[in-house]
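Trainee: Have a look at this one before I ask anything.
The values are calculated or read from the model by the stated rules, or taken from the named source; none is laboratory data. The structure presented is a predicted model; accordingly, all values stated were derived computationally and were not measured. Positions of Cβ are backbone-derived with ideal geometry, glycine not excepted, and every protein chain shown enters the neighbour counts. Ligands, DNA and RNA are excluded from the accessible area calculation, which covers all protein heavy atoms including side chains. Shrake-Rupley method; radii C 1.70, N 1.55, O 1.52, S 1.80 Å.
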Amino acid sequence: MTEEIVIVGGGTGGTVLANDLADRLEPELEAGEIQVTLVNDDPDHVYKPVWLYVPFGQREPDDGRRRLRSLVDDAVDVRIDRVTDIDTDAKQLRYHEGDEPVDYDHLVLATGSTLAPEEVPGLAEAGHDYYSEAGSEALREELLSFTEGELVLSVVGTPHMCPAAPLEFVFMADDWFRERGLRDDVDITYTYPIQRVHGNPHIAEWARPIMDERDINVETFFNAESVDPTSQTITSMEGSELDYDLLVSIPPHRGIDLIAEAGLGDDGWVDVDKHTLEAEAADDVYALGDTAATGVPNAGSVAHYQAGVVGQRLASEIRGRPATATYDGKTLCFIETGMDAASFVEFDYENPPSPAPPSQKLHWSKLAYNESYWLTARGLL
């Protein structure tokens with residue numbers, strides 16, 4: 001009888017895992033002993049880091065899109081559909097485009113994050129973002145016409161995708177306005193919800209002096225409660241208020257209701273063992289990337305490394321061997337510090353980050369990785 005592996009979510013984690021399993025379980029797939037199905041509700045695979053560059057005219061949204069089917073090994077069944085129900089006791093799924101439940105033997109959830117700006121009154125109407133394709137394009141138009149005034153970048157909620165991206169945006173905006181001779185007429189303010197400029201204290205300690213040196217105003221312990229689009233003000237739960245002429249926000253992030261409804265975790269994140277990535281509330285269920293509540297950053301590199309661990313563990317289980325592969329919290333990230341310089345960090349559960357001195361070489365390394373990402377998604381890097 002064919003053993004069914006279902007991966008829900010065709011982002012970085014799900015796509016890398018599907019290709020990993022196609023390679024790792026090639027004999028079983030060819031013999032029909034295993035079937036791997038990758039389910040995604042969009043025919044496209046989207047590489048979201050491209051959106052950071054769109055507002056500055058450096059990239060186009062289409063640069064971050066490829067057909068999912070073109071990235072996935074032919075041995076994997078790609079289904080463009082939406083999972084509407086998970087029954088972990090019966091080990092069954094229901095699809096939007098299907099009447100009958102579908103059995104699974106192993107389930108991997110890689111459903112990612114969704115934006116929830118509506119949770120903050122006025123934010124959806126007044127705030128711009130670069131965490132969505134449409135948002136990045138709209139922000140590009142705003143930036144091109146913005147020649148003076150107060151630009152506020154407000155991190156509204158954590159955790160959020162790509163934790164370094166808010167720092168990157170203000171560093172790039174500072175440099176971009178300087179290159180255009182407008183920086184003296186543009187004030188930049190950065191807000192963060194805790195009493196430092198980044199969730200990781202080591203990165204915060206590195207970033208704060210750069211912000212001070214570049215006259216980027218900082219408001220920490222600023223938890224946005226409401227936005228008034230008419231008066232152009234953003235108010236915090238702590239009682240402070242900021243005026244803005246252009247508001248760029250990192251909206252609240254949530255998972256999907258499906259996760260909570262299945263009893264796997266709150267707010268759409270799956271409670272997992274942070275080393276094995278196994279769900280705590282169900283057998284034969286894994287989660288990776290943003291979906292897994294491990295405490296590590298919601299970054300693409302995390303999903304990539306976790307996919308390799310889950311692939312090894314599934315192969316061991318299917319072959320009747322003890323699953324010994326574990327995730328050590330490995331994360332790496334390039335951090336743009338301007339339009340032509342970047343830093344780099346690498347860390348794990350035991351070793352904290354130590355950002356490298358910014359350089360043009362690291363900036364070009366980040367751009368090179370963005371280009372080679374499609375090889376990573378195909379499992380070739």
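Trainee: For the chain, just the Cα atoms, rotate onto the principal axes and tell me the three extents in Å, largest first.
Mentor: The Cα atoms of the chain stretch 69, 42, 37 Å along the principal axes, largest first.
Trainee: As an exercise, take the mean of 1/r over every pair of distinct alpha carbons in the range 251-381, invert it, and state the Kirkwood radius in angstroms.
Mentor: That comes to 16.4 Å for the range 251-381.
Trainee: Specify which residue in the list Ser316, Leu247, Val8 is farthest towards the positive end of the charge dipole of the chain, using unit charges on the beta carbon of Lys, Arg (+1) and Asp, Glu (-1), about the Cα centre.
Mentor: Ser316
Trainee: How long are the three semi-axes of the equivalent ellipsoid of the range 164-306, in whole Å, if each is the root of 5 times an eigenvalue of the C-alpha gyration tensor, listed from largest down?
Mentor: Ellipsoid semi-axes (Å, largest first): 35, 19, 13.
Trainee: Check Ser226: other-chain or 5+ apart residues with amide H under 5 Å from its amide H, H built from backbone geometry?
Mentor: Thr235
Trainee: Using per-residue counts of other Cβ atoms within 10 Å, averaged over each peptide, order 209-215, 40-46, 252-258 from highest down.
Mentor: Ranked by mean Cβ neighbours within 10 Å, highest first: 252-258, 40-46, 209-215.
Trainee: Would you work out the charge dipole size for the range 167-279 about its Cα centre, treating the Cβ of every Lys and Arg as +1 and the Cβ of every Asp and Glu as -1, and quote it to the nearest 20 debye?
Mentor: Magnitude of the dipole: close to 260 debye.
Trainee: Calculate the dipole size of the chain relative to its Cα centre from +1 charges on Lys and Arg beta carbons and -1 charges on Asp and Glu beta carbons; express the result in debye to the nearest 20. Walk me through the numbers before you get to the answer.
Mentor: Working: 27 positive and 73 negative charges, 256 e Å.
Computed about the Cα centre, the dipole is about 1220 debye.
Trainee: Determine Rg/Rh for the range 129-175; Rg is computed over alpha-carbon atoms and Rh is the Kirkwood hydrodynamic estimate from the same atoms.
Mentor: A ratio of 0.96.
Trainee: Rolling a 1.4 Å sphere over the protein heavy atoms, what is the accessible area per residue of the chain, to the nearest Å²?
Mentor: Heavy-atom SASA per residue in the chain reads 43 Å².
Trainee: Taking all protein chains as present, what is the carbon and sulfur share of the accessible area of the chain, in % to the nearest whole number, probe 1.4 Å?
Mentor: On the chain, the fraction of accessible area on carbon and sulfur atoms equals 44 percent.
Trainee: Excluding residues fewer than 8 places away in the same chain, name every one of the lysines whose C-alpha is closer than 26 Å to that of Lys361.
Mentor: Lys48, Lys330
Trainee: Continuing with this model, one more query. Probe radius 1.4 Å, ligands and nucleic acids left out: which of Glu33, Glu97 has the largest accessible area, and how do the rest follow? Please report the intermediate quantities before stating the final value.
Mentor: On the way: Glu33 100, Glu97 120 Å².
Sorted by accessible area, descending: Glu97, Glu33.
Trainee: Using 7 Å Cα-to-Cβ label points, what is the Arg180/Ser316 separation (nm, one decimal)?
Mentor: In this crude label model, Arg180 to Ser316 measures out at 5.3 nm.
Trainee: Oh, and also: Considering the dipole of the chain built from charges on the beta carbon (Lys and Arg +1, Asp and Glu -1) around the Cα centre, which of Ala303, His96, Ser354 is farthest to its positive end?
Mentor: Ranked along the dipole, the leading option is Ser354.
Trainee: Also, quick follow-up: Could you calculate the contour length gain from Asp340 to Asp85, that is, 0.36 nm times the residue separation minus the distance between their Cα atoms, to one decimal place in nm?
Mentor: 87.2 nm
Trainee: So if the hydrodynamic radius of the range 194-264 is defined as the Kirkwood radius over C-alpha pairs, what does Stokes-Einstein give as its diffusion coefficient at 25 °C and 0.890 mPa s, in µm² per second?
Mentor: Rounded to a whole number, D works out at 166 µm²/s.
Trainee: So how far apart, in nm, are the two label points at Asp266 and Asn351 if each is 7 Å from Cα heading toward Cβ?
Mentor: 3.4 nm
Trainee: Pairs of Cα atoms under 8 Å, at least six residues apart: use those to get the relative contact order of the chain, whole percent.
Mentor: Dividing the mean separation by the residue count of the chain yields 18 percent.
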